[in-house]
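Okay, so here's the structure we're looking at.
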Amino acid sequence: MEFDLSALTWTRAPKAFDLQPGRISITTQPHTDLWQRTYYGFRNDNAPVLQLATKEPYFSFTVRTQFHSKRRFDQCGVALYLDSENWLKASIEYENERFQRLGSVVTNHGWSDWATTDIDAGIRTMWYRLSRRESDYCIECSPDGAAFKQMRICHLWEGSGEIRFGIYACSPEASSFEAVFTHMELSECKWPAHT
């Protein structure tokens, strides 16, 4: 499968972005985020997401992110956004000058979770690989695009049939930064079947 940039569509396009062959940049707007209900009590559903639609039940999508985030919760990464209550995302979220949170959120039927691990605040690039096996998904990350490590395996209750997946960037607080996405690849599923 070819990752066709011309077939990408926005869910809430940002005010500032640039699409070029092999490179996409998004400048985030303040107070944009994706989150539903759990723990914090609020619901945020205004982050820009750029996605490709597919009915293919088995595939992997890989992308490299580069970013200069500087404010708490600034984030960019991969997303699979179906609607406001059913989606997943994986990213690095800036926390402070010492550490960031590499993590993922899965939202099923309007309830989000957040799984994280702390990483050094100096990291400014990360590769992600999102793999699909019907309604089950695997998210992996890599600092170099060669050796990927599993972040999460999950199920999306509404994640069968046609889905949309791609990239996102947002700044939940009063911040803005540029996120750059390159090395986008769509391939056969690199998440092997369990035997």
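Okay, here's what the table says:
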quantity	calculated
Rounded percent of accessible protein surface that carbon and sulfur make up, the stretch 9-77, 1.4 Å probe	52
nm² value of the averaged projected area, convex hull over the Cα atoms of the stretch 25-86	5.6
Virtual spin-label span in nm between ASP83 and ILE153, 7 Å along Cα→Cβ	2.9
For the stretch 57-143, alpha-carbon Rg relative to the globular expectation (2.2 N^0.38 Å, N residues)	1.10
When the convex hull of its Cα atoms is projected in every direction, mean area for the stretch 95-195 (nm²)	8.2
Taking the convex hull of Cα positions in the chain, its mean projected area over all directions (nm²)	10.2
Greater than 28 Å apart at Cα, pairs in LYS15/LYS149; LYS15/LYS55; LYS15/LYS70	LYS15/LYS149; LYS15/LYS55
Label zone at TYR40, where the point sits 7 Å out along the Cα-to-Cβ direction: the stretch 94-126 residues whose backbone N lies under 15 Å	94-96, 101-107, 111-116
Solvent-accessible area per residue, Å², over the chain with all protein chains present [probe radius 1.4 Å]	46
Cα-based reach from LYS89 at 16 Å (exclusive), listing aspartates and glutamates while leaving out same-chain residues under 8 positions away	ASP33, ASP45, ASP74, ASP113, ASP136, GLU140, GLU158
Heavy atoms of TYR81: accessible area, 1.4 Å probe, square angstrom to 10	10
Segment GLU188-ALA7, extension gain: residue separation times 0.36 nm, minus the distance between their alpha carbons	63.3 nm
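The values are calculated or read from the model by the stated rules, or taken from the named source; none is laboratory data. For clarity, every value in this text was computed on a predicted model and none was experimentally measured. Please note: Cβ atoms are built from the backbone with ideal geometry, for glycine as well, and neighbour counts cover all protein chains shown. Accessible surface is based on the protein model in full, side chains and every heavy atom, while ligands, DNA and RNA are left aside. Shrake-Rupley method; radii C 1.70, N 1.55, O 1.52, S 1.80 Å.
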